[in-house]
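The values are calculated or read from the model by the stated rules, or taken from the named source; none is laboratory data. Only a predicted model underlies this, so the values are computations on that prediction, with no experimental measurement involved. A quick note on method: Cβ atoms are made from the backbone with ideal geometry, for glycine too, and the neighbour counts reach across all protein chains shown.
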Amino acid sequence: MEGQRPRFGSLAQGFHFGLVILALDQAALGGHRYAALSRVTPTGGHAVVASSARVLGLRSGVTIGVSPVSRSACMSAKKKPAKAKRSSRARGPRCGLCGKSTKLTKTECCGNWVCDDEHKYIMFSYARNSCRRNHRRYTLCAYHHVEGHPGDWKDCPKCRKSFETEMYVWYGTNQYNFEKLPNPPEYEPTHCADCGQVIRLGEDGHSEQGENYWCQKCSARRMRDGQ
Ligand SMILES: [Zn+2]
Ligand SMILES: [Zn+2]
Ligand SMILES: [Zn+2]
Ligand SMILES: [Zn+2]
């Protein structure tokens, strides 16, 4: 049973002999660490016998109303805990945007796990290297929250009116969203007023003035020409 101890060592230690509790499971549920004890059933399967706060209040050596299994059954099931441990790691919290599992925090707008990485952002760089900042700056979810709109951002008329359609769709469907806008409205692509090239407003560098947009190249040329 050695291999399974480290995570909840103090809890697990009491359960050496013929006892029941072999695997400790952990998952993120509603932001709280959630623990469950499971036992190995005589057939080798796992059964959850206690969970959450009850588990954390347990002292080692306490059995919790489960019939003891024989030591040999315990030993023969030795491989199961390792398996449970692996899957419990996979179920721990991860950044909903990039999948990393270290240094996480929760978004204020929607309570999702996200990298706590705003320190990586360099002022005025507009780099998109921070998961937290990307969600905060480039999504309707965050905008809706900051503006204090009522209801859900996905059917919020105020959000819809706040942006031109292309940007509304981009804010609602880009990769910085945990949940994307269903049935985004259609829009005509934006073209550069000089060369006609399509500009993806959310992704491509561009300049704008009144109703007009210019691609990066034409913007640079206009700047040189003092326009
Ligand atoms: Zn991330
Ligand atoms: Zn959000
Ligand atoms: Zn809104
Ligand atoms: Zn152009």
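For the stretch 82-99, the condition holds for at least one residue, the condition being that it is modelled with pLDDT of 80 or more, more than 11 Å from ligand 2 (Cβ to nearest atom) and either of a type in the set (Lys, Arg) or not in a loop (DSSP other than H, G, I, E, B) (or both). Residues considered: Arg200, Arg136. Of these, the only one that is touching a Pro at 6+ places or on another chain (Cβ under 9 Å) and not β-branched (Val, Ile, Thr) is Arg200.
Here's the yes/no breakdown for (1) within 16 Å of ligand 3 (Cβ to nearest atom); (2) of a type in the set (Ser, Thr, Tyr); (3) modelled with pLDDT of 95 or more; (4) closer than 26 Å to Gly96 by Cα:
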{"site": "Tyr121", "(1), (2), (3), (4)": "no, yes, no, yes"}
{"site": "Arg132", "(1), (2), (3), (4)": "no, no, yes, yes"}
{"site": "His144", "(1), (2), (3), (4)": "yes, no, yes, yes"}
{"site": "Gly151", "(1), (2), (3), (4)": "yes, no, yes, yes"}
{"site": "Gly172", "(1), (2), (3), (4)": "yes, no, yes, yes"}
{"site": "Gln197", "(1), (2), (3), (4)": "no, no, yes, no"}
{"site": "Gly226", "(1), (2), (3), (4)": "no, no, no, no"}
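Pairing residues of the stretch 183-198 that are closer than 30 Å to Trp153 by Cα and of a type in the set (Phe, Trp, Tyr) with residues that are more than 16 Å from ligand 2 (Cβ to nearest atom) and outside any loop (DSSP other than H, G, I, E, B), at Cβ distances under 6 Å and at least 6 apart in sequence or on separate chains, gives Tyr187/Thr165; Tyr187/Glu166. When we screen Tyr213, Tyr176 for residues that are under 30 Å from Gly99 (Cβ atoms), among the aromatic types (Phe, Trp, Tyr) and surrounded by 14 or more Cβ atoms within 10 Å (Cβ to Cβ), the only hit is Tyr176.
Here Gly151 passes the criteria (1) in contact (Cβ under 8 Å) with a residue 12 or more places away in the chain; (2) in the same structural domain as Gly111 (by TED's automatic domain parsing) except the one numbered (1).
The helices (runs of 4 or more DSSP H) located wholly in the stretch 135-227 that include 3 or more residues which are out of contact with any Phe, Trp or Tyr (no Cβ under 8 Å at 6 or more places or on another chain) occupy 157-162, 165-173, 216-224.
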